Amino acid sequence: MSFFKSLNVEEEKKEVKIEGEAEKIKCLIIGSGPAGYTAAIYAARANLSPVIIQGQEAGGQLTTTTEVDNFPGYPQGVTGPVLMEDLKAQAERFGTEVRWGEVTSVDFSQKPYKLVIDEKKIIEAQTVIIATGATAKYLGLESEEKFKGGGVSACATCDGFFYKGKTVAVVGGGDTAAEEATYLAGIAGKVYLIIRKSYMRASKAMIARVENTANIEVLYEHNTKEITGTNVVTGATLIKKKGTPEEEEVKIEIDGFFVAIGHRPNSMVFKDYLETDEVGYIKTIPGSSKTKLPGIFAAGDIQDDTYRQAITAAGSGCKAAIDAEKYLSEL
């Protein structure tokens, strides 16, 4: 059997020919975060013989998180990497096969659904659970990368607890940034909201919430130049625009730096076949994990732009496995 795909590489068409027999799988799970592993646990217990393709970031976003205090069952807390290893071990205990690799192209035009792994291996799947998550957008600073897990975060509800009574900064000017800032204001002693423009893009209601929160200081027309510290974040250097070409360097002392400029759903490879919103989140039938294609399901942050928590992702992974089992039983 041969399977062909076309890749648009630097605006030039390149045809890749993939040879070999397709491997047939009953339940393929794409992604290895809380949604993917929970789906695998339920699918394995239902005798669906699930196979997980881990993706570029094995374990998902939680592998970059130090302490996780809000996942049930860990009264003393747990680190993100340990939590993901525990979920993986539980999935494997029931017979899940976990593989390295990345889905590089798909053909969902007919059943069985075809997927190509690492541009060379073909899989034909009866059911597919997409749990590829969403990637937080960052500013792209070297210092930002340095302090990930040491004071830099993209999730206030995940990490805000650690900054009780302290001073933090939030970067962003939309609803997400306003929500993060007001949430943190209830925990931290002071919150700087850093906005590069002269206005907020947030809704009027969210702007009013920010303006009516006493311990939020909005810094308009400020860009982050650098996050400073030794082992953990202790400050940030900002550039204030005073008018071209004048600029003023501003230093603030902070204990935490939260980036709230949005997320990028990891859905690009599926967008030709599945319905997404304008950002790229896969649309599912309300109350289920079902997409518009029978036998293809979406779970976790790839379809959730509201909660984006490990526990809600795990819950949606459970739903996806149950939906997949029901689909197969009705064939």
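How high is the relative contact order of the stretch 75-129, in percent, with contacts defined as C-alpha pairs under 8 Å that are six or more residues apart?
For the stretch 75-129, the relative contact order is 20 percent.
Please list, in order, the residues from the stretch 52-75 whose amide nitrogen is less than 13 Å from a point placed 7 Å along the Cα→Cβ vector of W100.
Only 54-58 pass the distance filter.
Restrict the search to the stretch 69-127; then list the GluC sites (Glu not before Pro) that DSSP places in a loop and that have at most 16 other Cβ atoms within 10 Å of their Cβ.
Passing both the DSSP loop test and the Cβ count: E102, E119.
So if each residue of separation counts as 0.36 nm, and I subtract the Cα-Cα distance between E142 and S203, what length gain in nm does that give?
Stretched out fully, the E142 to S203 stretch lengthens by 18.8 nm.
How large is the direction-averaged shadow of the alpha-carbon convex hull of the stretch 66-143, in nm²?
The Cα convex hull of the stretch 66-143, projected and averaged over all directions, gives 8.5 nm².
Could you list T65, T104 so that the one with the fewest beta carbons within 10 Å of its beta carbon is first and the one with the most is last?
T104, T65
With all pairs of different alpha carbon atoms counted, what Kirkwood hydrodynamic radius in Å does the stretch 196-331 show?
18.8
Taking the square root of 5 times each eigenvalue of the Cα gyration tensor, what semi-axes in Å does the equivalent ellipsoid of the chain have, largest first?
In descending order the semi-axes read 40, 22, 18 Å.
In nm, give the distance between the simple-model label positions of A58 and Q90, each being 7 Å from the Cα along the Cα-to-Cβ direction.
2.0
Using only alpha carbon pairs under 8 Å that are at least six residues apart, calculate the relative contact order of the chain and give it in whole percent.
That works out to 19 percent.
Normalised by the residues of the stretch 138-259, what does the relative contact order come to in percent, with Cα pairs under 8 Å and at least six apart?
30
Over all alpha-carbon pairs in the stretch 61-193, figure out the percentage whose distance exceeds 21 Å.
Beyond 21 Å sits 59 percent of the P(r) for the stretch 61-193.
Using Stokes-Einstein with the Kirkwood hydrodynamic radius over Cα pairs, what translational diffusion coefficient do you get for the stretch 138-259 at 37 °C and a viscosity of 0.692 mPa s, in µm²/s rounded to a whole number?
Rounded, D is 231 µm²/s.
Using a Cα-Cα cut-off of under 22 Å, which lysines could be cross-linked to K24, ignoring same-chain neighbours fewer than 8 residues away?
K5, K111, K114, K120, K121, K290, K326
Only the coordinates and a few stated rules stand behind these numbers; no lab work does. The shown structure was predicted, so the numbers you read here are calculated from the model rather than taken from an experiment. Counting neighbours? That spans all protein chains shown, and the Cβs are built from the backbone with ideal geometry, glycine included.
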